[in-house]
Amino acid sequence: WARLRPIHIIPNSCFISRMATFSDPSYSASNYAKFRPTYPPELYNTILDFMGRSKRKEGGSIAVDVGTGTGQVATELSELFDKVIAVDPSEVQIRAAIKKDNIEYQVGKAEDLSFIKSGSVDLVTVGQGIHW
């Protein structure tokens, strides 16, 4: 499967690109970030509601975003949580990620989050990371 390179047409644009594995030298993290759809603000309000929180940040709150890519979800979470740990298996993606003081980026896989102490985080998200 890793060798498949289907043509991917991005809706509402004339941009056509070959989807490449994230480790492929031809992979463009900047194009990914440019054309990756974002989530509506209502999603993040729903997360706060689900957690029973009315405030944006609470002292010591930590979120983990798995499959963060270039940090679109992590960036939004950084407005809601004191610290965000953003994990992605692609070093290329992490290097191109949106930088914020309270986001800690890690190269890693969802299958191994052993660097995070059990019970130490308030939220774990995966924003469309599973289909990759």
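Where a number appears in this text, it was derived from the coordinates with a stated rule and is not lab data. The model shown is predicted, which means the values in this text are computed figures rather than measured ones. Cβ: placed from backbone, ideal geometry, glycine included. Neighbour counts: every protein chain shown.
If you look at the Cα atoms of region 74-131, you get an Rg and a Dmax of 11.3, 29 Å.
Considering only the Cα atoms of region 28-117, their convex hull presents on average a projected area of 6.1 nm². Each of Gly60, Gly71, Tyr105 was scored by the projection of its Cα onto the charge dipole of region 48-106, and the greatest displacement toward the positive side belongs to Gly60; charges sit on the C-beta of Lys, Arg, Asp and Glu.
Restricting attention to region 29-109, the count of lysine pairs at 8 or more positions apart or across chains with alpha carbons under 24 Å apart stands at 14.
Here the peptides 93-106, 40-53 are ranked by packing, the mean other Cβ count within 10 Å, and the order with the highest first is 93-106, 40-53.
Highest mean packing first, where packing is the average number of other Cβ atoms within 10 Å per residue, the peptides 75-86, 115-126 line up as 75-86, 115-126.
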